[in-house]
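**Student:** Before we start, here is the structure in question, set down as structure tokens.
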Amino acid sequence: MNTNDNSRIEQGNVLLREGKFEEAKQYAQHYVNELKSGIYEAQELFEALNILAFSYIRRTLSKDAIPIVEEMLSLSENLPDDIRLTKTFRCNNILGLLHFELSRSNEGLTYLERAYEIALELGDKNNLSTITGNLGLVHSSLSNDVKALELLRFSEDISKEIKTYDHLAIVSDNIATIFNKHGDYSKALEYFSKALELHTMSNAKDGIGRALGHIGSVYFSMRDLDKAEEYLYKALSIHEEIDYKRGIETWHEILGDIMLEKGNADEALQHVTKAIEVNRFLGNPITEAVHIGSLGNVHFHRGQLDEAYECYNTALGMLRDTERVGDYYNILLQMIKIQSSPEFAQQDITKVESVLLESLESLRKLSLKSIELAYLNHLSDMYKSQGNWEQAYQFYVSSMNVQQEINSNEVRDKIKDMEFQQAYHQMEQQRLVELTRLQEKEQLLHEILPSHVAEKIIRGEKTIAEECHDMTIMFADIVGFTSLSEHLQPSQIIELLNAVYSNLDQLAELHRIEKIKTIGDAYMAICNTDEDRKEHKSRMLTFAKQILHACKEIRLPNGDSLQVRIGIHSGPTVTGVIGTKKLSYDVWGDAVNTAARMESYGEPGTIQISQEFYDEVKDFEVVKSLQILTQKEVAMKGKGVMHTVLLQL
């Protein structure tokens with residue numbers, strides 16, 4: 001896409017970020033129509049469709065979004081190879097979530113599993129973290145909460161590893177939801193609090209508000225109404241500050257429920273009315289219907305039966321033929337209670353009886369036991385008030401049978417909760433073992449590789465290669481080691497090398513020098529990369545000087561001091577990791593070859609450098625503290641004649 005195309009796409013995304021979803025829809029639809037009327041690039045059309053899809057998604061209008069994302073998925077096959085898989089992943093992931101939103105969990109699972117396979121193929125940990133988190137959500141909706149928790153904890157671990165804290169906050173929120181579902185409010189609060197902390201770290205106010213609201217919702221489930229109210233008002237305040245309408249709507253709705261439970265109908269009315277107002281802006285008619293049903297409850301509580309009846313009737317009209325059947329029958333029962341009341345002007349017992357009996361048949365087919373029980377109880381009470389004891393008793397017996405089924409289900413649910421807790425603790429123990437092993441592997445990587453390289457491998461990067469414009473390289477070699485080793489036992493050779501290299505490793509760490517490798521009795525180290533040119537040369541020379549001092553203190557079996565030759569040079573290099581099983585970090589470049597030649601053509605107890613290198617460092621304090629043994633010309637293999645300087649203590 002050209003610059004103009006990018007700016008048009010960005011303009012649509014800005015509308016989405018600002019919450020102007022209807023405006024974004026109109027903008028994107030015009031853009032898509034314009035592209036389709038002429039010759040277009042597949043990528044540009046894909047991005048325009050993406051804006052259109054999210055103008056519906058952000059308003060939870062999943063049905064409208066699905067055909068658009070399906071078109072995007074089909075279009076992704078024609079995208080350039082470098083982005084095709086990434087975009088295909090995106091479409092499958094979104095379609096999975098949209099079907100999940102519509103309670104089509106099995107269809108959603110199919111799309112998400114495809115996305116998971118693509119994420120594995122891409123080897124991108126960001127995608128893998130996202131998709132495992134989403135799979136966890138769907139498995140939870142299918143009551144496979146142990147599997148859900150495994151996936152979410154895996155997503156949590158990857159998010160921590162690659163430091164995607166925004167996603168980690170979302171995953172923590174989803175884990176909390178599972179614990180809340182199982183009545184483990186302590187764990188739910190722990191994870192919602194983690195989400196709050198992570199959102200606070202990044203000052204993500206929408207996330208901070210969500211976490212506070214969810215904590216309030218947990219306290220509501222615990223019937224701690226005062227604490228629930230406290231957290232929900234905090235959430236509401238933050239979301240009103242940033243005009244995050246979805247949050248504003250949700251917290252007003254729950255606060256309405258709390259106020260009604262507290263018996264404060266006037267405040268409940270204010271909250272529910274505000275929720276309806278905000279939802280109308282978002283344009284979700286199904287949610288609006290639920291809110292209107294809640295408004296009916298407020299009027300019913302206030303004894304305003306006509307107003308309540310009107311609300312229930314409106315809500316039922318909006319919910320009819322939708323998938324929110326539970327909400328539909330709950331609101332219908334509330335309306336029936338009004339129609340049954342002698343205080344209601346339009347009381348119609350015959351119609352009430354007919355609707356109740358028809359609804360019972362539907363509820364039995366849908367296996368909505370708790371709602372069926374409420375209908376049976378109302379029928380029994382209605383017949384009792386009419387003196388029809390036979391019918392009253394018949395429905396009373398039916399209600400007791402359903403209650404028994406519900407009790408059995410509750411027992412099964414409690415057993416499931418216990419099984420979940422047991423599986424969770426086993427999972428935690430296994431996770432602790434795996435985490436310990438992982439930490440040991442990571443520690444080993446940090447010990448054998450430079451830290452920044454180790455981190456790249458941990459993040460999953462496959463090819464690691466870096467260019468350095470000015471690196472200082474040092475080689476140090478034990479003088480006469482080959483002949484010396486002929487007179488030593490193997491254990492004495494290892495003991496000697498260990499003493500020398502351990503000493504050098506400590507000095508390297510002290511001066512922030514990176515050891516590359518040892519080859520027999522040779523020691524290679526570097527000092528680089530984006531630091532001051534003079535500073536890293538000075539540190540390497542100081543390191544070399546201290547090596548000469550340290551080796552003088554090491555005594556050989558014959559009583560002589562250990563002597564080394566050292567060569568140093570600097571210049572452009574390439575570094576990288578070779579191998580997949582036994583990893584090897586190495587350095588390549590002419591500067592490496594020159595440093596190696598400086599060492600091999602040097603003299604015992606000296607540091608040999610090129611004249612060119614000396615001219616750069618001659619004013620350093622460390623160089624001034626050394627003596628120039630000689631300046632000479634040396635014919636070096638592969639380098640020709642070089643002017644060198646020999647430095648000694």
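The values are calculated or read from the model by the stated rules, or taken from the named source; none is laboratory data. Everything quoted here is computed from the prediction, not taken from an experiment. Note that each Cβ is placed from the backbone with ideal geometry, even for glycine, and that neighbours are counted across all protein chains shown. When the accessible area is computed, the model is the full protein with side chains, heavy atoms only, and any ligands, DNA or RNA have been set aside. Shrake-Rupley method; radii C 1.70, N 1.55, O 1.52, S 1.80 Å.
**Student:** Direction-averaged shadow area of the convex hull around the Cα atoms of segment 60-164, nm²? List each step's numbers first, then the result.
**Tutor:** Numbers: hull surface 26.5 nm².
Averaged projected area of segment 60-164's Cα convex hull equals 6.6 nm².
**Student:** Could you work out what % of the accessible surface of segment 1-84 is carbon and sulfur, using a 1.4 angstrom probe and leaving DNA, RNA and ligands out of the count? Walk me through the intermediate numbers first.
**Tutor:** Details: 2010 of 4350 Å².
Of the solvent-accessible surface of segment 1-84, carbon and sulfur hold 46 percent.
**Student:** Here's another thing I want to ask about it. With the alpha-carbon atoms as the only input, what is the per residue convex hull volume for segment 496-547 in Å³?
**Tutor:** Numbers: hull volume 3.5 nm³, N = 52.
In segment 496-547, the Cα convex hull volume per residue is 68 Å³.
**Student:** Name the residue farthest towards the positive end of the dipole of the chain from the options Leu189, Leu225, Asn126, assuming +1 on Cβ of Lys and Arg, -1 on Cβ of Asp and Glu, about the Cα centre.
**Tutor:** It is Asn126.
**Student:** Separate question: Excluding residues fewer than 8 places away in the same chain, name every one of the aspartates and glutamates whose C-alpha is closer than 16 Å to that of Lys384.
**Tutor:** Leaving aside aspartates and glutamates fewer than 8 places away in the same chain, those within reach of Lys384 are Glu353.
**Student:** Right, here's the next one. Give the long-range amide H neighbours of Arg59: residues separated by 5 or more places, or on another chain, with amide H under 5 Å away, using H modelled in the peptide plane at 1.01 Å from N.
**Tutor:** Placed amide hydrogens put nothing under 5 Å from Arg59.
**Student:** In segment 542-649, if the dipole is taken from +1 on Lys/Arg beta carbons and -1 on Asp/Glu beta carbons about the Cα centre, which of Val592, Ile607, Ile554 is farthest to the positive end?
**Tutor:** So the residue we want is Ile554.
**Student:** Output wanted: per-residue J couplings in Hz (rounded whole) for segment 323-331, from phi through Karplus 6.51 cos²θ - 1.76 cosθ + 1.60, θ = phi - 60°, x for Gly and Pro.
**Tutor:** 8, 8, 5, x, 4, 4, 6, 5, 5
**Student:** Let me ask another. So which of Lys160/Lys234; Lys63/Lys87; Lys36/Lys63; Lys456/Lys552; Lys63/Lys262 end up more than 32 Å apart, counting from Cα to Cα?
**Tutor:** Cα-Cα > 32 Å for Lys456/Lys552; Lys63/Lys262; rest within.
**Student:** Please list, in order along segment 382-397, the HN-Hα scalar couplings obtained from phi with the Karplus expression 6.51 cos²θ - 1.76 cosθ + 1.60 (θ = phi - 60°), rounded to whole Hz, x for Gly and Pro.
**Tutor:** Per residue, the Karplus-derived 3J(HN,Hα) values read 5, 5, 4, 5, 8, x, 8, 5, 5, 5, 4, 5, 4, 6, 5, 4 Hz.
**Student:** Where the only charges are on Cβ atoms (+1 Lys, Arg; -1 Asp, Glu), what is the dipole of the chain about its Cα centre, to the nearest 20 debye?
**Tutor:** 1120 debye
**Student:** Charges at C-beta only: +1 for Lys and Arg, -1 for Asp and Glu. How large is the resulting dipole of segment 545-649 about its Cα centre, in Debye rounded to 20?
**Tutor:** Numbers: 12 positive and 12 negative charges, 79 e Å.
That gives segment 545-649 a dipole magnitude of about 380 debye.
**Student:** For segment 23-155, with the dipole built from +1 on Lys and Arg beta-carbon atoms and -1 on Asp and Glu ones, taken about the Cα centre, which of Gly96, Ser37, Leu85 lies farthest toward the positive end?
**Tutor:** Farthest towards the positive end: Gly96.
**Student:** Which value at 222 nm does the chain reach when only helices count, each DSSP H run of 4 or more adding -39,500 (n - 2.57), with the total divided by all residues and rounded to the nearest 500 deg cm²/dmol?
**Tutor:** Computed mean residue ellipticity for the chain: -23500 deg cm²/dmol.
**Student:** How far is the Cα center of segment 165-202 from the Cα center of segment 614-641, in Å?
**Tutor:** The two parts, judged by their Cα centres, are 62 Å apart.
**Student:** For segment 527-643, what mean projected area does the convex hull of the alpha carbons give, in nm²?
**Tutor:** It is 9.6 nm².
**Student:** Can you compute the charge dipole magnitude of segment 220-312 about its Cα centre, using +1 on each Lys and Arg Cβ and -1 on each Asp and Glu Cβ, nothing else charged? Give it in debye, rounded to the nearest 20. Write out the running numbers ahead of the final one.
**Tutor:** Working: 9 positive and 18 negative charges, 37 e Å.
My answer is approximately 180 debye.
**Student:** Still on this structure, please answer the following. Non-local amide H neighbours of Lys517 (under 5 Å, H modeled in plane, Pro and chain starts lacking H): which ones?
**Tutor:** Met524
**Student:** Can you work out ³J(HN,Hα) from phi for every residue in segment 591-596, in order, using Karplus 6.51 cos²θ - 1.76 cosθ + 1.60 and θ = phi - 60°, giving whole Hz and x for Gly and Pro?
**Tutor:** Along segment 591-596, the couplings run 5, 5, 4, 5, 4, 5 Hz.
**Student:** Which of these values of Cα extents along the principal axes in Å was calculated from the structure shown: [x] 125, 82, 48; [y] 163, 50, 49; [z] 120, 62, 41?
**Tutor:** Evaluating Cα extents along the principal axes in Å on these atoms matches [z].
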